[in-house]
Amino acid sequence: MVGLLLAGTAQAQQATPTQPVPATDAVQDDLQAHVQADSSVTTLGEVRALKPEDEPLDLYRFKNPVQPQPNRFSKSWSEPPTPEQVSMSGGYLLMGISYGLMAAAKGLHKLSNGRDQIQSAVARPPPELTEQQQRRADAFCEAGACVEKPR
């Protein structure tokens with residue numbers, strides 16, 4: 001009984017070849033008129049999608065005058081993911097595995113005492129003039145050739 005059911009299902013799923021329907025004169029005339037109408041249509045040139053501004057300026061929007069300073073909890077606190085974010089990232093199980101791997105990588109980085117991937121920039125001090133260079137600059141400015149006196 002099951003075999004007959006499966007055979008019937010397989011036979012029903014096979015596509016039967018269909019013969020193309022011959023086009024009548026009226027259909028061909030309609031197609032030619034449609035092609036001629038399309039040739040007179042003007043098309044637009046290049047269209048570029050521009051990134052919208054982050055947030056439009058709203059002069060009447062409430063702006064909170066109190067700006068809390070970052071505290072010790074700001075660094076470790078993160079908002080929990082929304083259900084949409086959870087479903088987009090593979091579900092709770094996959095998110096837990098990835099959070100665990102990130103924590104393990106952070107611990108390994110701390111144990112190996114490696115440099116951070118993102119490091120703050122350190123500006124070098126401005127170049128200092130030697131005594132001889134300072135005297136030459138002063139003599140040059142006393143002659144009236146410079147706009148500002150060097151420090």
Each label sits 7 Å from Cα toward the beta-carbon; between Ser89 and Asp58 the label points are separated, in nm, by 2.8
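Taking only protein heavy atoms and a 1.4 Å probe, what accessible area per residue, in Å², does the range 42-128 have with all protein chains in place?
Working: 9720 Å² over 87 residues.
I get 112 Å² per residue for the range 42-128.
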Under the Karplus relation with 6.51, -1.76 and 1.60 and θ = phi - 60°, whole-Hz ³J(HN,Hα) for the range 133-142, x at Gly and Pro, equal 5, 5, 5, 5, 5, 5, 5, 5, 6, 5
Theoretical gain in end-to-end length, Thr43 to Ser98 [0.36 nm per residue, Cα-Cα removed]: 14.9 nm
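The values are calculated or read from the model by the stated rules, or taken from the named source; none is laboratory data. Note that the structure is predicted; figures quoted are calculated from it, not measured. In this analysis, Cβ positions are derived from the backbone assuming ideal geometry, glycine residues included, and neighbour counts consider all displayed protein chains. In case anyone asks, the SASA skips ligands and DNA or RNA and just uses the protein heavy atoms, side chains included. Shrake-Rupley method; radii C 1.70, N 1.55, O 1.52, S 1.80 Å.
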